[in-house]
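K.L.:
The following block contains the structure, expressed as C-alpha cells.
The values are calculated or read from the model by the stated rules, or taken from the named source; none is laboratory data. Worth saying up front: this structure is predicted, and the values here are computed from it rather than measured. Cβ atoms come from the backbone with ideal geometry, glycine included; neighbour counts cover every protein chain shown.
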Amino acid sequence: YKNLAANKISEEEGTSADLEDITRQFRSQSMEESEFITETSNSLNKAFHYLEGNSSNTIYETLTEKDSLKSTSSTGSKSNENEEQKQNVQFSETSTRDASPLSEPETSRSSSLSVTEMSTDSQALVSILSHESVRKVNAQVSEEYREGFDLGSDNFTVNLEAKGLQEFPKDSLKVKHVKYLYLDNNKIKTFQGADLNDLLGLEIISLRDNELSSLPCEILLFHNLRILNVSHNQISHIPKEILHLGNIRQLFLNDSYIENFPSPGIESLRNLEILSLSKNKLRHIPNTLPNLQNLRILDLEYNKLTIFPKALCFLPKLISLNLTGNMIGSLPKEIRELKSLENLLLDHNKLTFLAVEIFQLNKIKELQLTDNKLEVISHKIENFKELRILTLDKNLAKKIPERISYCVMLERLSLSDNKLIELPKNIYKLKNLRKLHVNRNYMVRITEDISHLNNICSLEFSGNIIKNIPIEIKNCRKLTKVELNYNKIQQFPVGLCALDSLYYLSFNGNSISEIPVDVSFSKQLVHLELNENKLTVFPDHLCSLINLKFLNLGKNQTRKIPPSISNMVSLHVLILCCNKFETFPRELCILEKLQVLDISENQLWTIPSEICNLKGVQKLNFSSNQFIHFPTELCQLQSLEELDISQSNGTKLTRLPEELSNMTQLKKLDISNNAIKEIPRNIGELRSLVSFYAYNNQISYLPLSFLTLKELQQLSLSGNNLTALPSAIHNLVSLKEINFDDNPLLTPPMEICEGKQLYTIACYLQRADERDEKILEKILKIVANNITKTNFEFLCQKLNLRNSETDVPTKSTVSLNERAYQASVQWKTENLSLTAATLRNQLVRALTMIGAYEIMDKITALNLFTCAIKF
C-alpha cells in the first residue's frame with residue numbers, strides 16, 4: 001500500500017493540464033516559511049493588477065512534460081508550459097477599495113499539508129486533492145504503472161492536443177505500440193471512423209474539452225485502458241459497457257451533464273483509484289459504490305446532492321473526498337467508517353451542525369467547511385490530532401472551542417466572516433500555526449498571547465473593531481504578512497517595526513494620523529497600504545524604505561511630497577488618489593522605477609514638464625482633477641500604456657491634442673465624462689490601442705483613421721452625439737465589446753446597436769450602403785431627366801459640376817439629359833471618399849438652393865416610397 005501511494009506522481013499523470021494546476025497549487029502552498037516569504041513578495045503583483053481586486057500569491061511550477069511521438073507518422077509534440085500573463089491595472093473611482101481585502105468577500109483558499117509532515121503512504125494522493133485539486137483533478141499515472149509500461153523506444157505517445165480536429169484521427173494511430181493518446185482541446189464529437197484495432201492497446205486516452213455527447217459501447221474492448229479522461233464534454237449518459245474496463249485506474253467524467261452512474265456490475269472496476277464526477281447533475285450515488293474497494297480519490301463537487309450518500313462511508317481506502325458546492329444539510333453517523341480519510345471538502349453546502357461521529361476520523365488532515373450555516377463546533381475537535389488545515393469561513397460561529405489547542409499539528413486556521421468576539425485562550429498552544437485569518441468578525445482585541453505563535457507567518461484581522469495591537473507581536477519573528485484593514489486603530493503598531501521578515505503590511509481604513517520613526521527600520525518592507533486614514537503629510541520616515549515597491553496613501557489629507565522620496569528607489573506603484581494636492585508634486589518626477597501612478601480625485605490643474613523623466617511609467621490615473629486643457633506634457637511619455645483622464649467630478653475637457661498620437665505604446669485610453677466634441681484625426685497612429693472609453697462626451701463622428709485601429713477590442717461611446725456609424729467599422733477586426741447606447745443614431749438605428757454585436761452592426765451598414773447607392777443612382781436619373789437648362793447651369797455652379805457644353809467650342813449634339821447625367825456621374829466619381837448618403841444630402845441641398853422644386857417633389861416621393869419598404 002505504501003509503495004503504491006508513495007509513487008503516485010508520475011510522468012504520464014502529469015500530462016493533464018488540470019492535474020498540473022492541482023500539483024502546482026499543492027507544491028506552492030505546502031512550502032514552509034520560504035513559501036510565505038515568496039507569497040508575500042508575490043503580492044507585489046498588485047502593481048500589475050491593482051484595482052482589479054485580484055491577488056496572485058500562488059507559485060506556479062511545471063510538474064512534468066509528456067513524451068511526444070517523434071516518429072514521422074505522428075503529428076509532433078506539445079509540452080505543457082506555464083505562460084506568465086501580465087494583468088493590467090484598471091483604474092476606477094473605487095480603486096482604493098479594490099486594493100483592500102474588504103472590497104470583496106474573502107474566498108477560502110486552503111493550503112495543503114506540509115510535505116515534510118505528510119504520511120509517506122498517502123502523500124501523492126493527498127496532493128492531488130488538496131484545496132482546489134479535486135475540482136481540477138485529472139489523469140495521472142503512478143510510478144508503479146510507468147515502470148509497468150516500460151516506456152522504451154517501441155512505446156509511443158500520440159499528442160494531438162488543440163489541433164482543431166473535428167473527427168477521431170485515423171492515420172495517426174497506425175503507429176505500432178501506441179499506448180498513450182492525447183486529443184484534448186479539439187472538437188471531436190464521436191469515435192466514428194476510428195479503427196478499433198488501432199485502439200485496443202491503448203492504456204491512456206485523454207479527450208478532455210471536446211464535444212463528445214456519449215461514449216461508444218465498443219469501449220468495453222479497451223481491456224488495457226488504465227486512464228480515461230473525457231472531462232469537459234457534453235456527455236449525459238455513461239454506458240454500462242464502461243464497467244467492463246477491469247484495469248481502469250483513473251476515470252475522469254467531470255464537467256458534463258451526467259445524471260446517473262451505472263450501478264449493477266460496478267464491482268468490475270475493482271482497480272479504480274481516482275473517480276472524478278464533479279460539475280455534473282448527479283442527485284444520487286448508487287448503493288453499490290462501496291464495491292470500489294480501491295477507490296482513494298472521489299470528486300463529487302458541484303452536483304445536486306441534497307444528502308451525504310451513506311454509500312460513500314464504506315470506501316475503505318478513501319483518502320480524499322470532495323463534496324463542495326452541493327446542498328448537503330447533515331452528515332450521517334456512518335461517516336465514522338471512513339478510517340483512511342485525510343481530506344474532506346464540504347465548502348458551499350447547507351450544514352447546520354457536524355455529526356459527532358466525524359470527530360472519529362483520526363487521520364483527517366484537511367477539513368474545509370466554508371460557506372455553511374454552522375453555529376457550533378464540538379469540543380471533540382480535539383480528536384483531530386493530525387489536522388493541518390481547518391477553514392470555517394462564512395459560517396455563523398460565535399465561539400471556537402478551547403480544545404482546538406489539542407490540534408497541535410494545525411498549520412492554517414481560517415475563521416473569517418463569522419460572529420466571533422474572541423479566540424480561544426489556549427490558541428497560543430498551536431505551535432505549528434502558520435496562517436491565522438479572522439477577517440470580518442467582531443474581534444475587539446488581539447491578546448498578548450499572540451507572541452507564543454512562534455511559527456506564524458500570515459496574520460489577517462481585517463474588518464473587526466480592534467483598537468490596539470499588543471507590543472508583544474514583535475516576538476512573532478516569522479511574520480511576513482499582516483492585514484489589519486478597517487479596524488479602529490489610531491496608532492501605528494510599533495511592535496511590527498521590529499519584525500525583520502515582514503514584507504507585506506496593510507492598514508487601510510483606520511484612523512492613523514502619524515507614522516513613527518521606528519518604521520524606518522523596516523527596510524525589508526515591499527508592500528505598504530495606508531489608504532483611508534488621517535495622514536495630513538506624506539510621512540518622511542517612509543522615505544527610508546528603500547525596498548518598498550507598492551505604496552498606497554490614497555484617501556488621506558496629504559498636500560505635499562517630501563524631497564527625500566528620492567530615496568525610495570524601488571517604488572513601482574504609488575497611490576495618492578483622493579488627497580489635497582493642488583499642484584503635481586515635482587518630487588515624483590525623479591522616481592525612475594515608477595510604473596503606476598494614481599493621483600486621481602485631487603485638485604491638479606497643471607503638470608510640470610519634468611514628468612517626462614518618468615521614463616518607465618506605464619499607467620497613469622489623472623481622473624477627476626481640475627485641468628482646464630488636456631495636459632500635453634503627458635504626450636512626452638513614450639512608455640505609457642494606460643491613461644485615465646476621465647472627469648466624473650473634475651473640470652470637463654473640451655478637446656484632445658493632436659500630440660496624443662505620440663504615445664505610441666498606449667493600450668488603454670479613458671476620456672469619459674468630459675465635453676470633448678471630436679476625436680483627433682490622427683488617432684489611428686495609436687496602433688497599440690486596445691481599449692478606448694469615451695462615454696458621456698459630445699462626439700458627433702468617428703474620424704477615418706479611427707477605423708485603422710486593428711488592435712482595438714473594447715470601445716465605449718455611449719452618451720455622445722453620434723448620428724451615424726461609418727460603414728467601414730468592420731475594419732476593427734479585433735473589436736469584442738462595443739457600446740453606442742444613448743446616442744441619436746439613425747444609421748444604424750439604436751435597436752440594431754442594442755445587441756452590442758459588431759457583426760450585426762456591420763451587416764446592417766453594408767446593406768444600408770448598397771441601398772443608398774441604389775437610391776442615389778435613382779436620384780441622379782431623376783435630376784437628369786427633369787432638370788431645365790437654366791437649373792442645370794446653376795447646379796453645375798453649386799456642385800462644381802463639369803458642363804460638357806461649355807467645355808467645347810462647337811455646339812454639342814448631346815442632349816441636356818445625357819449631359820446632366822454624365823456630369824452627375826463625374827461628380828460622384830470625383831467624391832469617392834464620401835458616402836452615398838452624404839452625396840445625396842449635398843445634391844438635395846443644392847437643388848433646394850437653385851429652386852428646382854419639381855425635382856425635389858419627385859425625390860421626396862422616392863424617399864417616402866423607400867422608407868415604406870422594410871429594410
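K.L.:
Say we look at the range 691-706 and pick out the residues that are within 17 Å of residue 658 (Cα to Cα) and not small (Gly, Ala, Ser); which of these is surrounded by the fewest Cβ atoms within 10 Å (Cβ to Cβ)? Quick ask: steps written out before the conclusion?
P.N.:
First, the residues of the range 691-706 that are within 17 Å of residue 658 (Cα to Cα): 692, 694, 699, 701-706.
Okay, now just the ones that are also not small (Gly, Ala, Ser), so 692, 699, 701-704, 706.
On the way: 692: 23, 699: 20, 701: 16, 702: 19, 703: 15, 704: 12, 706: 23.
Of everything passing the filter in the range 691-706, 704 is surrounded by the fewest Cβ atoms within 10 Å (Cβ to Cβ).
K.L.:
Assigned to a loop (DSSP other than H, G, I, E, B), of a type in the set (S, T, N, Q) and surrounded by fewer than 17 Cβ atoms within 10 Å (Cβ to Cβ): which single residue out of 324, 352 fits that description?
P.N.:
Numbers: 324 fails: surrounded by fewer than 17 Cβ atoms within 10 Å (Cβ to Cβ).
352 is the lone residue from the list that is assigned to a loop (DSSP other than H, G, I, E, B), of a type in the set (S, T, N, Q) and surrounded by fewer than 17 Cβ atoms within 10 Å (Cβ to Cβ).
K.L.:
Now for a separate question. Given the criterion assigned to a loop (DSSP other than H, G, I, E, B) and within 23 Å of residue 340 (Cα to Cα), identify the matching residue among 446, 364, 400. It would help to see each step written out before you state the result.
P.N.:
Details: 446 fails: within 23 Å of residue 340 (Cα to Cα); 400 fails: within 23 Å of residue 340 (Cα to Cα).
Of 446, 364, 400, the one residue that is assigned to a loop (DSSP other than H, G, I, E, B) and within 23 Å of residue 340 (Cα to Cα) is 364.
So that you can scan it fast, the table gives a plain yes or no per residue for (1) in contact with a Cys (Cβ under 6 Å, 6 or more places away or on another chain); (2) more than 30 Å from residue 730 (Cα to Cα); (3) of a type in the set (S, T, N, Q):
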{"position": "784", "(1), (2), (3)": "no, yes, no"}
{"position": "825", "(1), (2), (3)": "no, no, no"}
{"position": "846", "(1), (2), (3)": "no, yes, no"}
{"position": "861", "(1), (2), (3)": "no, yes, no"}
{"position": "866", "(1), (2), (3)": "no, no, yes"}
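K.L.:
Answer yes if at least one residue in the range 732-743 is crowded, with 18+ Cβ neighbours inside 10 Å, among the aromatic types (Phe, Trp, Tyr) and under 24 Å from residue 665 (Cα atoms), and no otherwise. Before the answer, list the steps.
P.N.:
Our first condition is that a residue be crowded, with 18+ Cβ neighbours inside 10 Å; within the range 732-743, this holds for 732, 735, 738, 740, 743.
With the extra rule that they be among the aromatic types (Phe, Trp, Tyr), the set shrinks to 740.
Narrowing further to those that are under 24 Å from residue 665 (Cα atoms): none.
Scanning the range 732-743 turns up no residue that is crowded, with 18+ Cβ neighbours inside 10 Å, among the aromatic types (Phe, Trp, Tyr) and under 24 Å from residue 665 (Cα atoms).
K.L.:
Could I ask something else about it? Going through the range 573-618 one residue at a time, which ones are of a type in the set (D, E, K, R) and under 14 Å from residue 646 (Cβ atoms)? Before the answer, list the steps.
P.N.:
The first filter runs over the range 573-618 and keeps only residues of a type in the set (D, E, K, R), leaving 580, 582, 586-587, 592-593, 598, 601, 610, 615.
Matches in the range 573-618: 598, 601.
K.L.:
For the range 563-590, which residues satisfy the criterion of being over 22 Å from residue 505 (Cα atoms) and of a type outside the set (Val, Ile, Thr)? First the steps, then the outcome.
P.N.:
So in the range 563-590, the residues over 22 Å from residue 505 (Cα atoms) come out as 563, 580-590.
Answer for the range 563-590, where residues must be over 22 Å from residue 505 (Cα atoms) and of a type outside the set (Val, Ile, Thr): 563, 580, 581, 582, 584, 585, 586, 587, 588, 589.
K.L.:
Filtering the range 662-687 down to residues that are within 30 Å of the chain's Cα centre (by Cα) and not in a loop (DSSP other than H, G, I, E, B), which residue is surrounded by the most Cβ atoms within 10 Å (Cβ to Cβ)?
P.N.:
First pass over the range 662-687, keeping only residues within 30 Å of the chain's Cα centre (by Cα): 663-674, 683-687.
Narrowing further to those that are not in a loop (DSSP other than H, G, I, E, B): 668-670, 683-685.
Details: 668: 21, 669: 24, 670: 22, 683: 20, 684: 18, 685: 18.
So the residue we want is 669.
K.L.:
Among the residues of the range 264-281, which ones are surrounded by fewer than 20 Cβ atoms within 10 Å (Cβ to Cβ) and under 24 Å from residue 348 (Cα atoms)? I'd like the intermediate steps shown before the answer.
P.N.:
Quick first cut of the range 264-281, residues surrounded by fewer than 20 Cβ atoms within 10 Å (Cβ to Cβ) only: 264-265, 267-268, 270-271, 281.
The one that is surrounded by fewer than 20 Cβ atoms within 10 Å (Cβ to Cβ) and under 24 Å from residue 348 (Cα atoms): 281.
K.L.:
Based on what the data block shows, is residue 234 of a type in the set (S, T, N, Q), surrounded by fewer than 16 Cβ atoms within 10 Å (Cβ to Cβ) and modelled with pLDDT of 90 or more?
P.N.:
Working: of a type in the set (S, T, N, Q): yes; surrounded by fewer than 16 Cβ atoms within 10 Å (Cβ to Cβ): yes; modelled with pLDDT of 90 or more: yes.
The answer is yes for residue 234.
K.L.:
Given the conditions (1) part of a loop (DSSP other than H, G, I, E, B); (2) surrounded by 13 or more Cβ atoms within 10 Å (Cβ to Cβ), which single one is not true for residue 813?
P.N.:
(2)
K.L.:
Shifting gears a bit: From the list 601, 610, pick out the single residue that is in contact (Cβ under 8 Å) with a residue 40 or more places away in the chain and more than 18 Å from residue 549 (Cα to Cα). Steps first, please.
P.N.:
Numbers: 610 fails: in contact (Cβ under 8 Å) with a residue 40 or more places away in the chain.
Selected residue: 601, the only one of 601, 610 that is in contact (Cβ under 8 Å) with a residue 40 or more places away in the chain and more than 18 Å from residue 549 (Cα to Cα).
K.L.:
Still on this structure: Give the range 552-564 a look and list any residue that's farther than 16 Å from residue 527 by Cα and not in a loop (DSSP other than H, G, I, E, B), or say none. Give the derivation first.
P.N.:
If we filter the range 552-564 for residues that are farther than 16 Å from residue 527 by Cα, which is where we start, we get 555-564.
563, 564, listed by residue number.
K.L.:
Could you tell me whether the range 511-533 includes any residue that is buried (at least 16 other Cβ atoms within 10 Å of the Cβ) and farther than 30 Å from residue 592 by Cβ?
P.N.:
No.
K.L.:
Identify, by number, the condition in (1) surrounded by fewer than 20 Cβ atoms within 10 Å (Cβ to Cβ); (2) in the same structural domain as residue 639 (by TED's automatic domain parsing); (3) under 16 Å from residue 646 (Cα atoms) that residue 622 doesn't meet.
P.N.:
Exception for residue 622: condition (1).
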